[in-house]
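Working notes, structure below.
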Amino acid sequence: MARIAGVNIPTNKRVEIALQYIHGIGPAKAREICSKVGIELARRVNTLSDDEVLRIRETIDRDYRVEGDLRREVAMNIKRLMDLGCYRGLRHRRGLPVHGQRTHTNARTRKGPAKPIAGKKKTA
């Protein structure tokens, strides 16, 4: 199992797909990394040599912000918005949708499970 950026990437998958297991690398960046290193997209991780894995690891470390650094940066950006007290920060603080979605119905992903209101009966 190859370990890149602190993540064990699956060995039986194609390189392009396996790189996407790293937080911060999607389809476009995975293709870009493979082209930089000079690896065909169709190759499997278990067919890579140690030298090729090392080149992928060095390229990611040098050119991309992934995993812990990226998570820390995103958390700091959200914390900054909350400290400023701007509208987006207040929405983050209250655990409500940030990008203008409606909350009268839906928004259960952000708000959590529905809380029953005392005295309100369901009518059939």
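The values are calculated or read from the model by the stated rules, or taken from the named source; none is laboratory data. Values in this document were obtained by computation on a predicted structure and should not be read as measured data. Heads up, the Cβs are rebuilt from the backbone with ideal geometry, glycines too, and the neighbour counts pull from every protein chain shown. Note: accessible area is taken over every heavy atom of the protein model, side chains too, but ligands, DNA and RNA are not part of it. Shrake-Rupley method; radii C 1.70, N 1.55, O 1.52, S 1.80 Å.
Could you tell me which residue of the stretch 1-14 is modelled with the lowest pLDDT, considering only residues that are part of a strand (DSSP E or B) and of a type outside the set (A, V, I, L, M, F, W, C)?
Result: Arg3.
Could you please find all residues in the stretch 53-110 being without any contact (Cβ under 8 Å) to a residue 40 or more places away in the chain and aliphatic (A, V, I, L, M)?
The answer is Leu54, Val74, Ala75, Met76, Ile78, Leu81, Met82, Leu84, Leu90, Leu96, Val98, Ala107.
Only residues that are of a type in the set (Val, Ile, Thr), free of Cβ contacts under 8 Å to residues at least 40 places away in the same chain and not in a helix (DSSP H, G or I): list them for the stretch 15-41, please.
Ile39 - this is the single residue of the stretch 15-41 that is of a type in the set (Val, Ile, Thr), free of Cβ contacts under 8 Å to residues at least 40 places away in the same chain and not in a helix (DSSP H, G or I).
Condition first: open to solvent by 50 Å² or more (accessible area, probe 1.4 Å) and in contact with a Leu (Cβ under 7 Å, 6 or more places away or on another chain). Now tell me which residues in the stretch 14-41 satisfy that.
Across the stretch 14-41, the qualifying residues are Arg14, His23, Arg31.
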